[in-house]
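The values are calculated or read from the model by the stated rules, or taken from the named source; none is laboratory data. Predicted, not measured: the structure shown is a model, and the values here were computed from it. No Cβ is skipped: glycine too gets one built from the backbone with ideal geometry, and neighbour counts run over all protein chains shown. To get the accessible areas, we keep the full protein, side chains included, count just its heavy atoms, and leave off ligands, DNA and RNA. Shrake-Rupley method; radii C 1.70, N 1.55, O 1.52, S 1.80 Å.
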Amino acid sequence: MTENKKRLLTGIKPTAETLHLGNYFGALKPFLDMYGEYESFLMLADYHALTTVRNGETLRHNSYEVVRDYLAAGFDPKKAILFQQSAIGVHPELAWIFECLVTVPFLMMAHAYKDKVSKGEEANTGLFNYPMLMAADILLYDTDIVPVGEDQRQHVEYAREAASKFNKAYGQTFKEPQERILKEVAIVPGTDGRKMSKSYGNVIPLFGTKDAITKAVMSIVTDSSGGRPVNVYSIHKLFKTEEELAPLYEENSGKYKLLKDALVEDIEKMIAPMRERRAGVSDEEVKDILKDGTEKARAIAEAKMKDVRAKIGVTL
Ligand code: ADP
Ligand code: TRP
């Protein structure tokens with residue numbers, strides 16, 4: 001890694017989501033396309049997951065699964081630092097210091113907290129303080145860029161606010177990070193033409209078997225408004241260019257079954273090697289990669305914390 005590259009950091013929560021093509025094209029692929037150009041950090045945000053996951057076995061299982069997903073999709077741990085948040089004690093330590101700088105009304109404006117309260121549910125204190133732990137995740141590494149989905153925009157703003165509050169009180173210490181919203185890919189439609197989403201039950205699974213993919217593709221809703229089945233075509237466009245697809249769709253106008261078969265083949269061509277790679281990643285390999293990355297990340301975070309501790313006056 002060279003010194004003059006900008007730093008990029010993002011976090012993934014191990015909260016058991018089986019990924020679908022919408023997640024892949026909307027979030028995972030844009031991240032994978034960019035992280036190699038930066039000095040990159042990918043963090044397993046297991047302490048953030050603790051705000052919702054209440055079972056040790058589940059959290060452990062999900063952590064292995066999500067790392068496997070990234071490796072299978074092409075994330076190369078040699079090109080970045082992949083680390084485990086909970087294994088670096090200075091993250092919650094710095095979060096505490098930020099919590100002493102920001103106000104309760106400021107944290108009360110956070111969307112995740114407000115949504116919870118508006119549903120009439122009680123938020124745990126972890127959820128309330130969530131943005132300050134996330135600020136620590138980001139600021140400990142002098143991060144320049146934070147690639148996230150739109151829903152995380154406010155959290156990066158909160159990180160900037162924490163940096164600015166600290167810098168004002170104790171002198172320039174933290175870089176103010178910028179979010180990079182991963183939204184270049186238009187919304188991936190599901191089998192019914194609406195946004196592909198777990199909650200609509202219209203997904204094509206990313207790591208599904210060929211049978212599962214075939215079943216999902218065959219269920220794509222085709223109306224008879226023309227020779228080109230819109231819902232099939234708009235998913236197909238993710239795998240091939242319009243130029244490549246034009247002859248196929250012109251020659252087979254109206255032949256929905258044949259076009260769906262062609263789509264299955266194209267999905268399979270991309271997914272089969274990923275599925276194979278995923279099956280080959282053992283728990284041991286995940287552990288080794290995380291251990292190695294966590295050591296590297298810890299050295300950076302602890303050096304930063306040394307400066308912070310001196311500035312706030314707890315070094316005697
Ligand atoms: P879901 O809607 O299935 O619950 P999530 O909200 O867990 O998906 O999304 C995880 C990430 O994947 C987010 O960054 C989101 O923007 C992206 N994503 C999810 N569905 C789609 C889609 N249909 N098209 C594009 N991006 C998507
Ligand atoms: N809050 C993020 C999410 O729900 C996960 C996350 C934790 C994160 N720490 C981070 C993202 C630091 C970017 C940077 O998706």
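Can you tell which of Pro105, Pro14, Pro189 shows the greatest fluctuation in a Gaussian network model of the chain with Cα springs below 10 Å?
Most flexible of the set in this elastic network: Pro105.
Accessible area, 1.4 Å probe, largest first: how do Glu268, Glu122, Glu93, Glu37 sort?
Correct descending sequence by accessible area is Glu122, Glu37, Glu93, Glu268.
Suppose we flag trypsin sites (Lys or Arg not before Pro) only when DSSP calls them loop and at most 15 other Cβ atoms lie within 10 Å. Which is the longest uninterrupted stretch of the chain?
The longest such stretch corresponds to 120-182.
With angles folded into 0 to 90 degrees, how steeply does helix 256-279 sit against the dominant principal axis of the chain? Use alpha carbons for both and round to 10.
Value to nearest ten degrees: 40.
At 1.4 Å probe size, put Met132, Met108 in order of accessible surface, largest to smallest.
Largest accessible area first, the residues go Met108, Met132.
Using DSSP, restrict attention to beta bridges with both residues in the chain and report what percent are antiparallel, rounded to the nearest 5.
Within the chain, antiparallel bridges account for around 10 percent of the total.
Roughly how tilted is helix 283-312, in degrees to the nearest 10 and between 0 and 90, from the longest Cα axis of the chain?
Tilt relative to the chain: about 40 degrees.
Among Ala80, Asn252, Asn167, pick out the residue whose Cα is farthest towards the positive end of the charge dipole of the chain, where Lys and Arg carry +1 and Asp and Glu carry -1 on C-beta, about the Cα centre.
About the Cα centre, the residue reaching furthest to the positive side is Asn167.
Cα-Cα over 24 Å: which of Lys79/Lys168; Lys29/Lys269; Lys210/Lys237; Lys78/Lys291?
The pairs that break the limit, which is 24 Å between Cα atoms, are Lys79/Lys168.
Under the rule of -39500 (n - 2.57) per DSSP H run of 4 or more residues, summed and divided by the residues of the chain, what mean residue ellipticity at 222 nm is obtained, to the nearest 500 deg cm²/dmol?
Taking each H run of at least 4 residues, the total per residue is -16000 deg cm²/dmol.
Can you list the lysines whose alpha carbon sits under 23 Å from that of Lys116, skipping same-chain ones fewer than 8 residues off?
By straight Cα distance, Lys116 reaches Lys13, Lys198.
Hey, what did the chain get for relative contact order, percent, Cα under 8 Å, at least 6 apart?
22
Which order do Thr125, Thr143, Thr51 take by accessible area at a 1.4 Å probe, largest first?
Correct descending sequence by accessible area is Thr125, Thr51, Thr143.
What is the distance in Å between the Cα centroid of the range 226-248 and that of the range 1-68?
When both Cα centres are located, 31 Å separates them.
Compute, for the chain, the length of the dipole vector about the Cα centre, with Cβ point charges of +1 (Lys, Arg) and -1 (Asp, Glu) only. Units Debye, rounded to 20.
440
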